[in-house]
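Asker: Below is a structure I'd like to ask you about.
The values are calculated or read from the model by the stated rules, or taken from the named source; none is laboratory data. Values in this document were obtained by computation on a predicted structure and should not be read as measured data. Using ideal geometry, Cβ is built from the backbone for each residue, glycine included, and neighbour counts are taken over all protein chains shown. The accessibility values were calculated without ligands, DNA or RNA, using every heavy atom of the protein model including side chains. Shrake-Rupley method; radii C 1.70, N 1.55, O 1.52, S 1.80 Å.
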Amino acid sequence: MKKVFKTTVLTTLTLAMLAGGAGTALADGKGKGNDKNDDKRSSQSWNNGNGPKFENKGDINIFVGFSDLKGADVEWAVKYIASLSGKNVFQGFEDGTFRPREKVTRIQAIVAAVRNMGLEAQAQQEMNAQLNFKDADKIPDWAVGYVSVALKNDLFIETESSVQPDKPADRLWATMLLVKSTRQYDAEVKANMNATLPFKDAQQIPAGAVGYVKVALDHNLIDGFDDNTFRPNEPVTRAQLAALLDRVSDQLPGEENNVVKGKVTATANNGYTLTISTTSGVKTVALDQSVMVFRNDGHSEQQVAPSGIQVGDTVRIRLVNNVGRVVEAVGTTQNNAFTYSGTVYSFEKNTDGKLTKMNLALNGDTINIRPLDVSANVVFENPNSSVIFANGLKVELSGTGTTVTKIKYIWN
């Protein structure tokens with residue numbers, strides 16, 4: 001999510017988000033808030049030249065493209081949207097758009113979270129459930145089952161007596177919802193309720209929410225802005241939610257069967273067959289003919305053909321019916337010289353006050369974070385003695401592999 005949720009691409013809420021990174025539960029702006037798949041789960045392919053491009057795979061539409069995923073502020077989310085489309089969590093609108101910049105309401109986020117948990121069928125069976133919320137009459141008929149399932153799975157905060165379905169979902173509320181949706185961090189949340197959060201605006205985060213934010217940070221679901229703020233009350237967009245949902249997907253019970261992570265040890269069939277070394281052993285993964293591959297070569301991320309995947313790449317593969325649909329690959333950079341421009345996201349110093357590590361937000365984009373070591377002999381160019389080294393500074397970094405040897409300050 002653009003300068004909102006977890007900032008590694010993905011490094012990858014990621015924000016695809018949100019990615020990576022998506023049948024949708026989000027609004028069409030026409031009152032009820034239901035898109036193509038809220039009223040029916042169609043398996044029909046819709047590709048009229050102007051709309052989103054899908055390929056029909058039985059009961060699943062495999063994402064190929066939406067007409068409005070253009071522009072640097074949303075293109076980062078394509079892999080998350082593609083990944084979630086394979087799970088039928090996001091499918092877009094009849095006019096061929098995804099509307100990535102559109103704000104998400106609470107009811108839309110709840111529906112998306114329930115679908116992401118794999119509880120769609122249960123929600124459909126509970127559409128006539130009786131809800132005891134104060135504003136139950138304001139919950140759209142098509143969403144009643146989802147709210148019922150969310151309630152049974154403890155996705156609501158204990159003190160919530162209203163759903164507020166049309167209220168924009170803000171960053172803090174969405175964070176708490178999706179941490180709860182993992183169904184595994186309750187004890188960790190309670191243990192961190194008195195934690196100190198690293199944000200300048202941490203005082204805006206209520207005491208009862210601190211544990212959720214800390215857990216989300218610790219498990220790489222979210223992060224802050226490059227000015228070291230969290231902005232808990234800022235509304236979430238569809239692109240940002242896609243990124244967050246995709247990150248959360250990896251941590252859902254049973255999801256390990258739908259994601260393969262590891263290092264490529266061999267390729268075959270022009271890259272459509274990969275041998276992966278994982279923590280649980282060696283696996284062979286077949287990629288679908290319509291697979292989307294996003295590869296970061298250590299300098300930038302590009303969409304490539306499967307043949308662009310190289311032995312030694314670290315990969316994350318989203319499976320649908322045991323076939324790879326979306327691949328995120330990161331190449332090795334041990335011997336590569338680099339020059340990166342961006343803003344300082346965070347850094348570490350040793351006891352002598354010398355820089356040892358830093359995270360750079362490439363081009364100021366906190367979705368695309370580059371973790372780097374800093375050489376003991378690093379050279380500083382064009383420093384300003386009146387400004388200390390701090391988060392948010394614009395810099396140009398040069399070095400080799402993952403080690404910075406020169407830091408140039410940019411003052412414009």
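Asker: Determine whether Ser307 is polar (S, T, N, Q) and either touching a Phe, Trp or Tyr at 6+ places or on another chain (Cβ under 7 Å) or in a strand (DSSP E or B) (or both).
Answerer: Considered against the rule, which asks whether it is polar (S, T, N, Q) and either touching a Phe, Trp or Tyr at 6+ places or on another chain (Cβ under 7 Å) or in a strand (DSSP E or B) (or both), Ser307 comes out as no.
Asker: Output the residues belonging to the stretch 163-183 that are touching a Lys or Arg at 6+ places or on another chain (Cβ under 8 Å), among the polar types (S, T, N, Q) and open to solvent by less than 30 Å² (accessible area, probe 1.4 Å).
Answerer: Correct list: empty.
Asker: Having 3 or more residues that are under 21 Å from Glu301 (Cβ atoms) is the bar; report the strands (runs of 3 or more DSSP E) wholly within the stretch 350-412 that clear it.
Answerer: Strands (runs of 3 or more DSSP E) meeting the threshold: 355-362, 369-381, 394-400.
Asker: So which residues in the stretch 374-396 are hydrophobic (A, V, I, L, M, F, W, C) and either surrounded by 12 or more Cβ atoms within 10 Å (Cβ to Cβ) or modelled with pLDDT of 90 or more (or both)?
Answerer: Within the stretch 374-396, Val374, Ala376, Val378, Val379, Phe380, Phe389, Leu393, Val395 qualify.
Asker: Criterion first (under 16 Å from Leu241 (Cα atoms), aliphatic (A, V, I, L, M) and in contact with a strand residue (DSSP E or B) (Cβ under 7 Å, 6 or more places away or on another chain)) does Ala82 satisfy it?
Answerer: It is true that Ala82 is under 16 Å from Leu241 (Cα atoms), aliphatic (A, V, I, L, M) and in contact with a strand residue (DSSP E or B) (Cβ under 7 Å, 6 or more places away or on another chain).
Asker: Within the stretch 227-273, restricting attention to residues that are modelled with pLDDT under 95, open to solvent by 30 Å² or more (accessible area, probe 1.4 Å) and acidic (Asp, Glu), which residue is farthest from Asp186 (Cα to Cα)?
Answerer: This residue is Asp227.
Asker: Select, from Asp186, Asp137, Asp141, the only residue that is modelled with pLDDT under 95, open to solvent by 10 Å² or more (accessible area, probe 1.4 Å) and not polar (S, T, N, Q).
Answerer: Asp186
Asker: Moving on to the next point. Filter the stretch 314-367 down to the residues that are exposed (fewer than 14 other Cβ atoms within 10 Å of the Cβ), in contact with a strand residue (DSSP E or B) (Cβ under 9 Å, 6 or more places away or on another chain) and of a type outside the set (Gly, Ala, Ser) and list them by number.
Answerer: Of everything in the stretch 314-367, those that are exposed (fewer than 14 other Cβ atoms within 10 Å of the Cβ), in contact with a strand residue (DSSP E or B) (Cβ under 9 Å, 6 or more places away or on another chain) and of a type outside the set (Gly, Ala, Ser) turn out to be Asn321, Asn322, Gln334, Asn335, Thr339, Glu348, Lys349, Asn350, Lys354, Asn363.
Asker: Next up: Looking at the stretch 285-297, can you tell me whether even one residue there is surrounded by fewer than 13 Cβ atoms within 10 Å (Cβ to Cβ), on the phi < 0 side of the Ramachandran plot and either outside any strand (DSSP E or B) or within 22 Å of the chain's Cα centre (by Cα) (or both)?
Answerer: No: zero hits.
Asker: I would also like to ask the following. What's the total number of residues in the stretch 87-114 that are among the small types (Gly, Ala, Ser) and open to solvent by 10 Å² or more (accessible area, probe 1.4 Å)?
Answerer: Matching residues across the stretch 87-114 total 0.
Asker: Among the residues in the stretch 213-232, are any more than 20 Å from the chain's Cα centre (by Cα) and farther than 28 Å from Glu75 by Cβ?
Answerer: Within the stretch 213-232, none of the residues are more than 20 Å from the chain's Cα centre (by Cα) and farther than 28 Å from Glu75 by Cβ.
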